[in-house]
Amino acid sequence: MTRNMPATVFGAIVLALGIAVLAEAGNIPKGFGYDVVGPVMLPKVIGGGLVLSALVILGETMLRRDEAAADLAMLDFRPVILISAALLAEAALISRLGWIPVVTVLFAAGAWGFGDRRVLFNLLIGLGVAVLVLIAFRAGLGIDLPLGPLERLSTPAN
Amino acid sequence: MDTFSHLLAGFAVAITPANLMWSMIGVTLGTAIGVLPGIGPATTVAILMPLTLGLEPVSAFIMFAGIYYGAQYGGSTASILLNTPGEAGAMMTAIDGNAMARKGRGAQALATAAIGSFVAGTVATVGLTFAAPLLVAMAIKLTAPDYFALMVLSLATVTAVIGRPSGGGFIGYGLASLFFGLLLGTVGLDPQTGQARFAFGIPELLDGIDTVVVAVGLFAVGETLHVAATEGGKQDTMHQLKGSLWLSRQDWSRSWKPWLRGTFIGFPIGAIPAGGSEIPTILSYTLEKKLSRHPEEFGHGAIEGVAGPEAANNASAAGALSPLLALGLPTSTTAAVLLAAFQQYGLRPGPMLFETNATLVWGLIASLYIGNFFLLVLNLPMVSLWVRLLSIPKPWLYGGILVLASLGTYSLNSNAVDLVLLWVFGFVGFSMRMLGVPVVPCILGLILGPLIEQQLRRSLAISQGDWTVFMTHPISALLLSLAATLVLWPVFQAFTAKRART
C-alpha cells in the first residue's frame, strides 16, 4: 500500500475499460462495402487508446511519486453517498411522482450533505424552490416539467 | 466593405426590442449563475441552455451570447470577494483581487474587472468581427483531410498542454480523459450506417449522450460532490464592499494599459486550440508584474494584477468564438458547450453557416457588442445583488446547484435516463478531481469525436480508401505530424527524465 495506490487503481480501471471497449467493438455489425472505415474502426482505436493510456499511467506511477492526488483518508464519503442516493432516487421516481417531491428531497439532501441539519426547514425551502422553478418553466418558457399525481388537478376533466 | 454591411445587418437583427430583452436577460442570468462560487462559465452555459429551448434560433443565440459573456465576467466577483475562482481563467484574478478586497478595496477591484472586461470584450469582439471572415475565406479552401487533421491537432494540444508532466500532470491522465470522451461520443447510432454502438439496448442511448449532460455532470455535480467530501459546509469569509465603486485617477492610470495588453494577449491565445482562458490570464499577470514599477505590490493587492488578467480572460472568450464560428472548432470547454447548443438547433458552425445563416451569425456577433455594453451598465449598479448571491449559505447554495443541474439535464429531453447519466458523470467528475485527472480533454473529445470520425470517413470516401490522402495533402500532413509530436514528446520525456533522476 503506497501513496500511489489511487493512481494504480485508476490505471487498472482504464485498462479494464479499454479491454471491455475492444471486446464490445467486436460485436458492432460491420458497415457497407463502400464505407472503408465503417462503424467499428473508431471504437477499436478508442479501446486501443484506453489500453495505451492505462499503460502510460501505470508506467508513470511506477516511475514517480504522485503528489497531486488527494489523501483518500481525509475524505468524507457520507455526503457523497447521500447526494448520490438523492440523485438516483430523482431519476427513478421523477416520472411517477413528478418534479416537485423529488427536487424537494434533492435540495434537502444537498443541504444535509453540506452540514445543515434542519431537515424540515430545508425540505420547505426545497419545496419552495421546486414550485417556483416549475411555475417559471411552465408559464414563462412553455417547458413542461412532470407534475406526477398533480397532473389530474391541472387538467380538469370535461 | 463587406464586413461592415454584414455587421450592420447583424445589428438590425439584434436591436429589435425582443432581442435586446433576450440579450439583457442572458447577461443577467449568465452573471447570476457565473457569480456562484465554484461554477465556471462552461457549467453556467450548460445549465442555462434549456432556457433558450423555446426560442427561435436567432433569439436563442443572442441570449446565449449574453449568457456567455455574463458567465465569463461573473466569475471575477467570486474570485475577488471570496477567493473561490470558479475556473482556471479566474485564478489569477483571485490573487490580487482578493488581496484588494482584504484591504477594503474590493469595490475598486470589481470596478476595474468590470470596465476591463468591457474594454477587452469590445476590442476583442472587433477582432472577431474581422478575423472571422478571414478565417472563413481560409476555411473554404480546407478539404476533409485538412479538417480531420485540424481536429486531431486540437485534441492533441489540449491533451498535451493540460496533461503535461512539467505542469504536475500525468500525460497518461490527459490521454485517458481524452479517450473516455471520444468513447462517449461514439455512443448511439452511427450516423453513416445506422448501427448502434455501446447503447446496450437502452433506447434513450441510441440518440447519443448529450454534451450538456456530460458537462453539467462532470463540472457541477462533480464539483458539488468534491466540495462535500473535502470541505463540507464551511463558510468562506467574505469581504464586505465599502465606499464608492469609483476608481480614483491613479486607479485609472494604472488600469488602462493592463486592460489593453490583456486584450492583445487574450484574443489570439483564446483562438488557438487549447488556448482557453488559463494561459492568457497567467501570461498577462506575469507580464504586468514584470512591467510594473512596484512588482512587490503583486500578491498584496496590485490593481494591475486584476485589470490585466480580467481583460485577458474576456478577450480570450471572444477569441474562442472565432474558430468556433468560422471552422466549427471549439478550443475551450465553454466553446464546446456552445457548439453543443448549435447542434441542438441543427446548426453546424463553420464556413457554410456564414453562407446559409448569415443573419444568425452576424446577429450573434452584433449581440456580443450589445451584451458587452449591458454587462457594464448592469453590473456596476447591480453589484450589491451579486454580493448577496455570494453570501448564500453553502448548504443552500449547493442544494440549489444540484436542483439547477437536474433542471438543465432533465428539461433537455424529458427523460429520466439523462438523470442517471448526470449522476454517473457527476461521480466520474468527482473521482477525476480526487486524482487530478483533467476534465477538459474529455469534453472536447466527446464533442469532436463524431466530427473527426465524419471527416475521416469523408476523406477516405473521396480518396477511395487510400490512407495516404492524409500525407499527400500538405496542410493535413503538417498538422498531423505536429499533433503526433505534441503527444509523443511528453510521453517520451516522462520516461527519460525520471530514469535519469533515479
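The residues of the protein assembly as shown expose, per residue, 40 Å² of accessible area to a 1.4 Å probe. Here is how the number arises for chain B: DSSP H runs of 4 or more residues each give -39500 (n - 2.57), the sum is divided by the residue count, and the result at 222 nm is -24500 deg cm²/dmol. Relative to the longest principal axis of the Cα atoms of chain B, helix B:2-14 runs at roughly 70 degrees. When the alpha carbon coordinates of the range B:277-347 are projected onto the principal axes, the ranges are 52, 18, 13 Å, largest first.
Kirkwood Rh over alpha-carbon pairs of the range B:411-479, then Stokes-Einstein at 10 °C and 1.306 mPa s: what D in µm² s⁻¹, rounded to an integer? Translational diffusion coefficient: 104 µm²/s. The distance linking the range A:81-116 with the range B:371-402 is 25 Å (Cα centroid to Cα centroid, whole angstrom). What's the FRET efficiency of B:GLU56 with B:ILE462 using the Cβ-Cβ distance as r and R₀ = 35 Å, to the nearest 0.05? So the FRET efficiency works out to roughly 0.45. Surface burial for A against B, with a 1.4 Å probe and both sides summed, reaches about 5900 Å² of accessible area. The Cα atoms of the range B:276-409 cover 54, 41, 26 Å along the three principal axes, with the biggest extent listed first.
Shown for chain B: lysine pairs separated by 8 or more places, or found on different chains, whose C-alpha atoms are under 19 Å apart, numbering 4. In a fully extended conformation the segment linking A:SER95 and A:ASN27 would gain 21.2 nm over its present Cα-Cα distance, using 0.36 nm per residue. Using only Cα coordinates, the Kirkwood hydrodynamic radius of chain B works out to 23.0 Å.
Our note on the geometry: Cα centres of the range B:411-438 and the range B:195-232, 3 Å apart. Computed with every protein chain present, the accessible area of B:PHE264 is close to 140 Å² [probe 1.4 Å]. With the solvent-accessible surface defined on protein heavy atoms using a 1.4 Å probe, which residues belonging to the range B:177-212 display a reduction of at least 40 Å² in accessible area in the multichain context relative to the isolated chain? Residues meeting the cut-off: B:PHE179, B:LEU183, B:THR193, B:GLN195, B:ARG197, B:PHE198.
With the convex hull drawn around the C-alpha atoms of the range B:27-100, the volume per residue stands at 64 Å³. In the range A:96-155, carbon and sulfur make up what percent of the accessible area (probe 1.4 Å)? Carbon and sulfur atoms account for 73 percent of the accessible area of the range A:96-155. Under the convention that each Lys and Arg Cβ holds +1 and each Asp and Glu Cβ holds -1, the size of the dipole of the range B:247-371 around its Cα centre is about 200 debye. Shape summary: the protein assembly as shown maps onto an equivalent ellipsoid whose semi-axes, from the alpha-carbon gyration tensor, are 34, 31, 28 Å in decreasing order.
Out of every Cα-Cα pair in the range B:375-500, what percent are more than 20 Å apart?
Numbers: 5689 of 7875 pairs.
So the portion of pairs separated by more than 20 Å is 72 percent.
Amide H contacts of B:ALA196: B:ASP190, each under 5 Å away and 5 or more positions distant or on a separate chain (H built 1.01 Å from N in the peptide plane; Pro and chain starts excluded).
The values are calculated or read from the model by the stated rules, or taken from the named source; none is laboratory data. For clarity, every value in this text was computed on a predicted model and none was experimentally measured. Note that we place each Cβ from the backbone using ideal geometry, even for glycine, and neighbour counts take in every protein chain shown. In case anyone asks, the SASA skips ligands and DNA or RNA and just uses the protein heavy atoms, side chains included. Shrake-Rupley method; radii C 1.70, N 1.55, O 1.52, S 1.80 Å.
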